[in-house]
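J.: Right, I'll just put the structure down here and ask away after.
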Amino acid sequence: LLTHTSGIAYGLNPPEPLKKQFADAKLADGLNPEDPTLEANVKKLATIPLAHQPGTAWLYGMNTDVLGRVVEVASGKAFDVFLADRIFTPLKMTDIAFRVPQDKA
């Protein structure tokens, strides 16, 4: 997943054969004011075929989103909570988030 060779495409510019499926799935891309949970988004992504056989080509895609969901399932915690508990808090990174809070914009 981290090498972007899984065959998972990205919704912003999917390969031509997958454009309609990505549009129909209405996947969140992380750039929206409100996005669904990783669980909901990855479930939608799972309905879209892979762009290629895993390991055969590089394609920028939603690989890290899927990996974030794997972390959620394995840890039993929401991805942002897992990151805070295991990485940000131990490193004393107190001013970090997926979105800039209004009071800090």
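J.: Towards the positive end of the charge dipole of the chain, with charges on Cβ (+1 Lys, Arg; -1 Asp, Glu), say which of THR94, THR37, PHE22 has the farthest Cα.
T.: Highest projection toward the positive end goes to PHE22.
J.: Roughly how tilted is helix 63-75, in degrees to the nearest 10 and between 0 and 90, from the longest Cα axis of the chain?
T.: 50
J.: Right, here's the next one. Note the full-extension length gain between ASN13 and TYR60 as 0.36 nm times their separation in residues minus their Cα-Cα distance, in nm to one decimal.
T.: Separation in residues times 0.36 nm, less the Cα-Cα distance, equals 16.0 nm.
J.: A follow-up question, please. Please work out how many pairs of lysine residues in the chain are eight or more positions apart (or on different chains) and have Cα atoms closer than 21 angstrom.
T.: Summing the qualifying lysine pairs gives 10.
J.: Turning to a different aspect of this structure: Considering only protein heavy atoms and a 1.4 Å probe, what is the carbon-and-sulfur percentage of the accessible area of the chain?
T.: In the chain, the share of accessible area belonging to carbon and sulfur is 60 percent.
J.: Would you calculate, for the chain, the mean residue ellipticity at 222 nm contributed by helices, counting each DSSP H stretch of 4 or more residues as -39,500 (n - 2.57) and dividing by all residues, to the nearest 500?
T.: Helix-only estimate at 222 nm: -8500 deg cm²/dmol.
J.: Here's something else I'd like to know. Charges at C-beta only: +1 for Lys and Arg, -1 for Asp and Glu. How large is the resulting dipole of the range 1-66 about its Cα centre, in Debye rounded to 20?
T.: With Lys and Arg at +1 and Asp and Glu at -1, about 200 debye.
J.: Also, I was wondering about something else. In percent, how large is the relative contact order of the chain, given Cα pairs closer than 8 Å and 6 or more residues apart?
T.: Dividing the mean separation by the residue count of the chain yields 34 percent.
J.: In a Gaussian network model over the chain where Cα atoms closer than 10 Å are linked, find which of PHE22, PHE79, PHE88 has the largest mean-square fluctuation.
T.: Maximum fluctuation in the GNM of the chain, among the listed residues, is at PHE88.
J.: For the range 1-71, place one equal point scatterer on every Cα, skip the solvent, and apply the Debye formula. What is log10 of I(q)/I(0) at q = 0.11, 0.13, 0.15, 0.16 Å⁻¹?
T.: -0.23, -0.32, -0.43, -0.50
J.: Something else about it: Residues of the chain: accessible area per residue at 1.4 Å, in Å²?
T.: In whole numbers, the chain has 69 Å² accessible per residue.
The values are calculated or read from the model by the stated rules, or taken from the named source; none is laboratory data. Here the structure is a predicted model, which is why all the values come from computation and not from measurement. Don't worry about glycine lacking a Cβ; one is built from the backbone with ideal geometry, like all the others, and counts go over all protein chains shown. Ligands, DNA and RNA are stripped out before the accessible areas are found, and what is left, the full protein with its side chains, is counted by its heavy atoms. Shrake-Rupley method; radii C 1.70, N 1.55, O 1.52, S 1.80 Å.
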